[in-house]
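Below is one structure, written out as structure tokens; the observations come after it.
The values are calculated or read from the model by the stated rules, or taken from the named source; none is laboratory data. Please read all numbers here as calculations on a predicted model, not as lab measurements. When we count neighbours, we look across all protein chains shown, and the Cβ atoms used for this are built from the backbone with ideal geometry, even at glycine. We work out accessible area using only protein heavy atoms, side chains counted, and drop any ligands, DNA or RNA first. Shrake-Rupley method; radii C 1.70, N 1.55, O 1.52, S 1.80 Å.
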Amino acid sequence: MKRKYAVAVIFSVAAIGITWVSPYIAMYRISIAAKSVRLENLAQQADLPAVRASVARQLQAAGETSNADELKEMLDTIVSPPGITVLILHGKHGADGRRHDFGMAYRSWNEVVLRRKGAGPAATQFLLRRHGIWDWQLADIVLPPELLKY
């Protein structure tokens, strides 16, 4: 009987651990998909229309665009595999030039925000939404104010 409880406890702890680590695994998959420079691979890991709409709102609010063609060109650059790779790398590297880990904060059971540890709210933020128990998808990127200025 004690053996059954021990096995149940071990499986419960393992399930909780996998659930806790799953956003980090998803962010790793997103970075690998972005580095592959294939939009199809990235589209599997990210909700690109939602990310594009969010970035468009941020650019318009910052007054970065003077016309629709310029906005489209900026969005095509930012919401592309190379653009997202640059944002991820920008999110990992601090002003000191060293690589930093991402910190995670759950907004709810289905949403988690990843940003560079110690960077505060001015860092690039990546919002992941849960799809299934352990799958996550990039749903939003919050650009830091320094990237919204020329």
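Using the charge dipole of the chain (Lys, Arg: +1 at Cβ; Asp, Glu: -1 at Cβ; taken about the Cα centre), state which of Val112, Ala56, Gly17 has its Cα farthest towards the positive end.
So the residue furthest toward the plus end is Gly17.
How much accessible area per residue does the chain have, counting only protein heavy atoms and a probe of 1.4 Å, in square angstrom?
Details: 9170 Å² over 150 residues.
Value returned for the chain: 61 Å² of accessible area per residue.
Sorted by accessible area (1.4 Å probe), largest first, how do Arg107, Arg3 line up?
On the way: Arg107 140, Arg3 195 Å².
In descending accessible area the options line up as Arg3, Arg107.
If I take R0 = 22 Å and measure r between the Cβ atoms of Lys117 and Leu89 in this structure, what FRET efficiency does the formula 1/(1 + (r/R0)^6) give, to the nearest 0.05? Before the final figure, lay out each step's value.
On the way: r = 15 Å, r/R0 = 0.70.
FRET efficiency, Lys117 to Leu89: 0.90.
Counting only helical runs of four or more DSSP H residues, what would the 222 nm mean residue ellipticity of the chain come to if each run contributes -39,500 (n - 2.57) and the total is spread over all its residues?
On the way: 5 runs with 79 residues, N = 150.
Counting only the DSSP helices, I get -17500 deg cm²/dmol.
Give me D for the chain in µm² s⁻¹, whole number, from Stokes-Einstein with Rh from the Kirkwood sum over alpha-carbon pairs, 4 °C and 1.567 mPa s. Can you show the working numbers first?
Working: Rh = 16.7 Å.
For the chosen part, D equals 78 µm²/s.
Taking R0 as 25 Å, what's the FRET efficiency between Ile10 and Asp135 from their Cβ-Cβ distance, rounded to 0.05?
My answer for the efficiency is 0.60.
Can you list the residues, at least 5 places off or on another chain, whose amide H is less than 5 Å from the amide H of Asp140, using H built in the peptide plane?
Under 5 Å from the amide H of Asp140: Leu127.
R0 = 41 Å: FRET efficiency of Val142 with Met1, Cβ-based, nearest 0.05? The partial results should precede the final answer.
Details: r = 51 Å, r/R0 = 1.25.
Given R0 = 41 Å and the Cβ-Cβ separation, E is 0.20.
Report the residue, chosen from Glu70, Glu111, Glu40, that carries the largest GNM mean-square fluctuation when the chain is represented by alpha-carbon nodes joined by springs under 10 Å.
Comparing Glu70, Glu111, Glu40 in a Gaussian network model of the chain, the most mobile one is Glu70.
State the number of lysine pairs found in the chain whose Cα atoms come within less than 21 Å, restricting to pairs 8 or more positions apart or on distinct chains. Write down the numbers at each step before the final one.
Values: Lys35/Lys92; Lys72/Lys149; Lys92/Lys117; Lys92/Lys149.
For the chain, the number of qualifying lysine pairs is 4.
Span-like helices, the chain: DSSP H, alpha-carbon axial extent 27 Å or more, mean Kyte-Doolittle -0.5 or greater, which ones?
On the way: long enough: 2-35 (48 Å, 0.90).
For the chain, where a helix must reach 27 Å along its axis and average at least -0.5, the hits are 2-35.
Give me the dipole magnitude in Debye, nearest 20, for the chain about the Cα centre, with unit charges on the beta carbon: positive for Lys and Arg, negative for Asp and Glu.
On the way: 19 positive and 13 negative charges, 202 e Å.
Once rounded to the nearest 20, the dipole reads 980 debye.
Report the accessible area of Val79, computed with a 1.4 Å probe over the heavy atoms of all protein chains in place, in Å² rounded to the nearest 10.
Using a 1.4 Å probe on the heavy atoms, I get roughly 20 Å².
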